[in-house]
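Okay, structure first, notes after.
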Amino acid sequence: MAQKEEEIKNSPPGGANEFAALFEESLRTVKPGGVVKGRVVGITSTHVLIDVGYKSEGQISLAEFLDRQGNLQVKVGDQVDVFFDSPEGENGGIVLSRQRAENIKIWEEIENAYNEGRGVEGLILGKVKGGFKVDVGVPGFLPGSHVDVRPTRNLDKFIGTKDRFAILKFNRARGNVVVSRRALLEKERDTLKQEVLKVIEEGVILEGTVKNITGYGAFVDLGGIDGILHISDMSWGRINHPSEIVQVGEKIKVVVLKFDAEKERISLGMKQLTPDPWHTVAERYSVGARVQGKVISLMDYGAFVELESGIEGLIHISEMSWTRKISHPSKVLQVGQNVEVVVLNVDPGHRRISLGLKQVMANPWELAKEKYPVGTVIKGPVRNITDFGIFVGIEEGIDGLVHISDLHWSKKIKHPSELYKKGDIVEAKVLGVNVENERFSLGIKQLTTDPWKIIAERFPLNVSQSGLKSKDKSRACLTSESLSAWTRALKDSFMCPS
């Protein structure tokens with residue numbers, strides 16, 4: 001101090017007054033117990049020399065100027081904030097602290113953020129009981145219920161992330177700080193919500209983030225307010241679960257379908273952003289056309305085939321085979337299988353397309369009609385016996401029916417089993433093939449001449465016994481006068497039903 005006063009006395013008049021003013025100002029402002037500005041004037045291997053405008057310089061451990069990676073954060077000439085602890089240290093210089101200055105600034109920032117309701121930057125370090133340890137300049141506690149606006153099971157994903165946190169409460173003396181990430185998120189959401197509500201209306205296209213997925217749809221965050229995207233409005237095609245179309249965290253474009261301002265309920269749609277493919281389906285799929293598709297679902301009554309995105313048709317179980325009796329579509333098709341089908345019917349109004357699988361192949365009934373014209377004699381096994389006749393195997397999948405009335409010309413048959421059993425090889429004559437109804441008619445008695453025609457030839461009406469040739473007289477004794485008696489006798493002789 002004496003040296004400073006001596007310099008003032010020996011200085012020029014003008015300079016002395018100016019220097020004295022500066023000196024007095026430094027003595028007033030640079031006092032122990034507060035944060036002061038300092039300038040780095042030297043750096044050694046262990047310390048950083050700081051000039052704070054006091055009568056002597058101070059030195060601070062080099063470690064207080066290193067970052068987490070061990071890099072030095074200052075250089076000679078830099079201005080830094082330091083805490084003026086004491087005017088006299090063990091080595092004669094003033095005692096300064098960079099850490100205490102930083103700590104004071106941090107607590108001041110925490111207090112100001114708390115009073116102003118704003119957030120502070122922080123890093124989530126790790127999990128502790130009930131929440132997380134957070135570095136906001138000083139150690140802080142983040143309760144688990146305040147980490148997000150919605151409860152989350154995977155808390156580990158937050159560890160190591162930087163974010164902004166609201167100050168819920170703090171105690172500077174104890175060094176306690178409780179922070180909340182959720183409070184700032186809710187505040188931001190409220191602000192965004194008001195902005196979204198200003199522009200939202202039916203038909204508006206917005207971008208949102210998928211927040212949650214359920215079995216019936218997905219919740220989309222539009223910015224402070226959520227909308228529901230129903231599964232039926234995700235795609236024009238069939239969807240088993242919303243996760244086939246969207247994923248949590250994915251950004252998607254949606255259109256507002258319905259908005260209830262009073263209840264703040266928003267219904268959203270995705271498929272409405274593209275044209276409805278059913279409007280032009282008849283132009284692309286004409287009746288009779290062969291098309292390719294993929295089996296996407298099997299039901300008891302048939303199989304659904306996707307022809308294109310949003311367009312699917314049904315192959316009814318009756319349209320899967322010409323000859324086989326199929327108990328379930330899985331006997332013929334599998335989910336994911338690519339198939340060729342024929343368009344049978346198109347109904348855009350009801351959003352239906354009927355498809356046929358068997359129509360891709362030649363109709364065996366048509367081939368059978370050509371191969372076995374009426375009058376052809378076939379031979380095959382008896383495959384089934386019913387009350388009304390027997391079924392004879394003709395080809396794979398095609399059986400012909402011999403009606404009970406076509407088994408014998410005159411014999412009275414109560415049941416076909418009186419004459420045949422399964423497996424018997426029989427001959428029969430083709431009587432007709434009905435392609436439309438898939439029926440093949442056969443006759444066994446037609447292999448022989450109708451005896452009634454023979455009787456009619458041998459015994460014409462109104463011919464007396466004397467008019468018959470001698471060789472026929474021994475076979476009949478009928479006259480026109482006794483025709484009724486002859487008929488009764490003839491029926492009895494052929495065992496015809498009365």
Report task. Please name all residue pairs, on different chains or six or more residues apart, with Cβ atoms under 8 Å, provided the first residue is in the stretch 110-130 and is without any contact (Cβ under 8 Å) to a residue 40 or more places away in the chain and the second residue is charged (D, E, K, R) and assigned to a helix (DSSP H, G or I). Result -> Lys127/Asp156
Requested in this report: Consider Ile296 carefully, then state whether it is of a type outside the set (Lys, Arg), out of contact with any strand residue (DSSP E or B) (no Cβ under 8 Å at 6 or more places or on another chain) and on the phi < 0 side of the Ramachandran plot.
Outcome: no
Query raised in the report: Within the stretch 114-125, can one find any residue that is in a helix (DSSP H, G or I) and touching a strand residue (DSSP E or B) at 6+ places or on another chain (Cβ under 8 Å)?
Result: yes
Query raised in the report: Only one of (1) modelled with pLDDT under 85; (2) within 13 Å of the chain's Cα centre (by Cα); (3) surrounded by fewer than 13 Cβ atoms within 10 Å (Cβ to Cβ) is not met by Lys198, so which one is it?
Result: (2)
Query - Long-range neighbours under 9 Å by Cβ, at least six apart or interchain, first residue without any contact (Cβ under 8 Å) to a residue 12 or more places away in the chain within the stretch 225-251, second of a type in the set (S, T, N, Q) - result: Ile239/Ser232; Asn240/Ser297; Glu244/Ser235
Report task. Kindly check whether there is at least one residue in the stretch 129-148 that is touching a helix residue (DSSP H, G or I) at 6+ places or on another chain (Cβ under 8 Å), in a strand (DSSP E or B) and basic (Lys, Arg). Result -> no
Query raised in the report: Any residue in the stretch 165-180 that is β-branched (Val, Ile, Thr) and in a loop (DSSP other than H, G, I, E, B)?
Result: no
Query raised in the report: Among the numbered criteria (1) in contact with a strand residue (DSSP E or B) (Cβ under 9 Å, 6 or more places away or on another chain); (2) without any contact (Cβ under 8 Å) to a residue 12 or more places away in the chain, which single criterion is violated by Lys331?
Result: (1)
Requested in this report: Determine, yes or no, whether His350 is closer than 30 Å to Ile311 by Cα and of a type outside the set (Lys, Arg).
Outcome: yes
Query raised in the report: Do the conditions hold for Phe219, that is, is it at pLDDT 90 or above, of a type outside the set (A, V, I, L, M), in contact with an Asp or Glu (Cβ under 9 Å, 6 or more places away or on another chain) and more than 30 Å from Val341 (Cβ to Cβ)?
Result: yes
Query raised in the report: When you look at Asp406, is it of a type outside the set (Ser, Thr, Tyr), outside the structural domain of Thr323 (by TED's automatic domain parsing), in contact (Cβ under 8 Å) with a residue 12 or more places away in the chain and farther than 17 Å from Lys371 by Cβ, yes or no?
Result: yes
Query raised in the report: With (1) at pLDDT 70 or above; (2) surrounded by fewer than 11 Cβ atoms within 10 Å (Cβ to Cβ); (3) outside any loop (DSSP other than H, G, I, E, B) as the list, and Leu431 as the residue in question, which single condition is left unmet?
Result: (2)
Report task. For Val204, indicate whether it is surrounded by 19 or more Cβ atoms within 10 Å (Cβ to Cβ) and in contact (Cβ under 8 Å) with a residue 40 or more places away in the chain. Result -> no
Query raised in the report: Would a scan of the stretch 250-271 turn up a residue that is farther than 30 Å from Glu201 by Cβ, part of a loop (DSSP other than H, G, I, E, B) and modelled with pLDDT of 90 or more?
Result: no
Query raised in the report: Would the stretch 290-306 turn up any residue that is touching a Lys or Arg at 6+ places or on another chain (Cβ under 8 Å) and either outside any strand (DSSP E or B) or basic (Lys, Arg) (or both)?
Result: no
Query raised in the report: Taking strands (runs of 3 or more DSSP E) that fall entirely within the stretch 339-396, which contain at least 3 residues that are closer than 20 Å to Glu427 by Cβ and modelled with pLDDT of 90 or more?
Result: 377-386, 389-395
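The values are calculated or read from the model by the stated rules, or taken from the named source; none is laboratory data. It should be emphasised that the depicted structure is a prediction, and the values quoted were computed from it without experimental measurement. Cβ coordinates were reconstructed from backbone atoms using ideal geometry, including for glycine residues, and neighbour counts include every protein chain displayed.
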